[in-house]
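Written below as C-alpha cells is the structure these notes are about.
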Amino acid sequence: MVYLSDLPTGALAHVSSFLASPSRALFAVALDYRDVDSSSAIAGDDWDVLDFGEIEKELAAKISDEDIRGVLLSIDAVNNLKKLRLTNCIHVTGVGLGPLRGSTIIQQIDLSLVGDHESPRLDPEPLISCAEVIPILDSIIERGEDCSLEYLQFPKVWRKERNTESDFHAFLTRFNNYLSSRAVVCLKCNHDMFEVYSMPTMMEMSDSHYGTQNFTCYNCMDHYCDYCADDGGVYYIGGSCKKCERIYCLHCKKVDVCTSCDNCYCVDCIDFKQCPQCDENTCPDCVSEVRCRNTCCADKISCNNCAEDGNAFSWCESCNEAYCVDCCNSDVLHTVQDCDDCYQSLCDQCRMKTCREGRNCTGCYQIAFKALTEDKETLRNENEELRSEINELKRKIGDGA
C-alpha cells in the first residue's frame, strides 16, 4: 500500500502549490516527520502574509493552538512573517503564537478573529487569552528599535470593558509608549504628529473605541493626521467603522458618515440608503420604520430625522396612519390634507367618515368631494358587478331546470 507520505517531496510540493497559503502550511504540518528542508519546500517560501481567512470558515474554526504553532514553525515565521490574521480561529487561546517571540520582522497582528467588514462581537465569546498572548507581544516590542511592529488589532472580548487595573490595559500603555517613541509622520503633510499637532495617544485609552489604534490605516498602515483632507474636504484618515471597528485611509477604503447618528461606516460594511427628503446617507439602523399607507409608495424610505420632524410624512390625526409627502403633494386620491376651516389633518378615509356622520365643515366637504365621488363610483361599479354575477347565476339555474 502506498501512503501519501511516501510520495517524493517534489510531488507533494507541486500538489500544495494549488492550495491556499494556510492550507499549504497545514499540509506541511501534517507531514511533520519530514526534515525542515522538505517541510519548507511543501509550505512554500512566500510568507509575508498569513491570513486564515483564505481557507473555509468551518476549517479555520477547527484549528487548534498546536496547529497554529506548527504552521508558524513550518514557515519560519519569526524570520519571515510580516502580517498575521487569525481570521475565524475562534477556538485558539493564543499559546500557539509562541514561535513569534522576539520577532523583528512582524509588522501587523490581527487578533480580532474576524474577516474584512465583519463585526468583532462574537457569540459565544472566543477563548483567546490575554495571559497567553501578552507575554508574546511584550517579547516583540521589547526589541526596541529593531522591532517592526506597527499595528495590533485586539479581540473585542478584551476591549469591551475598560479596566485600568487589568493586564490588558497595562500592555496598552506599554504598546502606546512604544509607538509614541517612534517617528509618526503624516504621509500627507509630512509633519511629526506628536511634536506639531500635540496629538493624543496612538492607542485609544478612553472608553470610546477603547483599545483601538489611532491615525493608522488598517490596510496599508500609513499614518495621517486629523487635519489633512483632499480637495473635496474628505479627510485622509476616516473614523473608526461602527461595524468592523477598523480605521482605513481614503486610498484603501471609502468611509461614510450616517447623518442621523453621526457614526462612521465602511461603505463595504453596510448598505447605505439615501433619504429622498434630505439626500443624505443613512445607515440601516437609522432608516425609519414608518412607511406610507399607500401601497404604491410602500418601498420608499426616509431617515429617522426626516420622519420625526415631519419632512417625510404627514400623519392623520384620527387613525394615525402616515402618508409620504410625495403622495400628499400629488393628485393621489388617498392622502392627508389640512382643512383651512377646522384645521384638522385627516386622511381621506377619515375625512369621508366624518362627512358621512354629518360633520358640519364646508372645508372638509370640499376636500372630501373628490374622494366621495370616487367612492360613490367605486360602489356603483361593485354593485354592477354583483348584479351581473347574480343574473349569470339565475341563467345557469334556469338552464339547469
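The values are calculated or read from the model by the stated rules, or taken from the named source; none is laboratory data. Given the structure is predicted, the values throughout are model-derived calculations rather than measurements. Positions of Cβ are generated from backbone atoms using ideal geometry, with glycine treated the same way; all protein chains shown enter the neighbour counts. The protein model used for the area step is the full one, side chains on, heavy atoms only, and it has no ligands, DNA or RNA in it. Shrake-Rupley method; radii C 1.70, N 1.55, O 1.52, S 1.80 Å.
Overview of results
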read-out: Meets criteria (at pLDDT 85 or above and closer than 19 Å to ILE140 by Cβ) for ILE68; value: yes
read-out: Failed item in (1) farther than 24 Å from ASP299 by Cα; (2) open to solvent by 10 Å² or more (accessible area, probe 1.4 Å), with GLN337 passing the rest; value: (1)
read-out: Qualifying residue in the range 134-146 (condition: in contact with a Gly (Cβ under 7 Å, 6 or more places away or on another chain) and aliphatic (A, V, I, L, M)); value: yes
read-out: Output for the range 143-165, where each listed residue is farther than 19 Å from ARG121 by Cα, part of a loop (DSSP other than H, G, I, E, B) and touching a residue at least 24 places away in the same chain (Cβ under 8 Å); value: ARG143, CYS147, SER148, LEU149, GLU150
read-out: Unmet requirement for GLU317, which otherwise passes all of (1) in contact with a helix residue (DSSP H, G or I) (Cβ under 9 Å, 6 or more places away or on another chain); (2) closer than 30 Å to THR259 by Cβ; (3) at pLDDT 80 or above; (4) open to solvent by less than 70 Å² (accessible area, probe 1.4 Å); value: (4)
read-out: Spans of helices (runs of 4 or more DSSP H) in the range 47-92 with at least 2 residues closer than 21 Å to CYS130 by Cβ; value: 65-74
read-out: Top-ranked residue in the range 259-280 [being within 22 Å of TYR224 (Cβ to Cβ) and without any contact (Cβ under 8 Å) to a residue 40 or more places away in the chain; ranked as least open to solvent (accessible area, probe 1.4 Å)]; value: TYR265
read-out: Residue in the range 88-100 that is open to solvent by 50 Å² or more (accessible area, probe 1.4 Å) and free of Cβ contacts under 8 Å to residues at least 12 places away in the same chain present; value: no
read-out: Every residue from the range 144-161 that is touching a strand residue (DSSP E or B) at 6+ places or on another chain (Cβ under 7 Å) and either loosely packed, with under 15 Cβ neighbours inside 10 Å or closer than 18 Å to GLY96 by Cβ (or both); value: LEU152, GLN153
read-out: Residue in the range 281-289 that is aliphatic (A, V, I, L, M), at pLDDT below 90 and either within 21 Å of ASP348 (Cβ to Cβ) or surrounded by fewer than 21 Cβ atoms within 10 Å (Cβ to Cβ) (or both) present; value: no
read-out: Near pairs, Cβ below 6 angstrom, 6+ apart or cross-chain, from the range 206-226 (under 16 Å from LEU149 (Cβ atoms) and in contact (Cβ under 8 Å) with a residue 60 or more places away in the chain) to any residue that is among the basic types (Lys, Arg) and part of a loop (DSSP other than H, G, I, E, B); value: TYR218/ARG246
read-out: Matching entry among ILE141, ILE105, ILE109, ILE134 (being aliphatic (A, V, I, L, M), touching a strand residue (DSSP E or B) at 6+ places or on another chain (Cβ under 6 Å) and under 25 Å from PHE215 (Cα atoms)); value: ILE109
read-out: Within the range 166-217, considering residues that are open to solvent by 10 Å² or more (accessible area, probe 1.4 Å) and among the β-branched types (Val, Ile, Thr), the one modelled with the lowest pLDDT; value: VAL196
read-out: In the range 253-278, the residues that are polar (S, T, N, Q) and outside any loop (DSSP other than H, G, I, E, B); value: GLN274
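This table checks each residue for (1) under 27 Å from THR216 (Cα atoms); (2) of a type in the set (Asp, Glu); (3) modelled with pLDDT of 95 or more; (4) within 34 Å of the chain's Cα centre (by Cα).
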| residue | (1), (2), (3), (4) |
| --- | --- |
| TYR3 | no, no, no, no |
| ARG24 | no, no, no, yes |
| ASP32 | no, yes, no, no |
| ASP51 | yes, yes, yes, yes |
| ILE90 | yes, no, yes, yes |
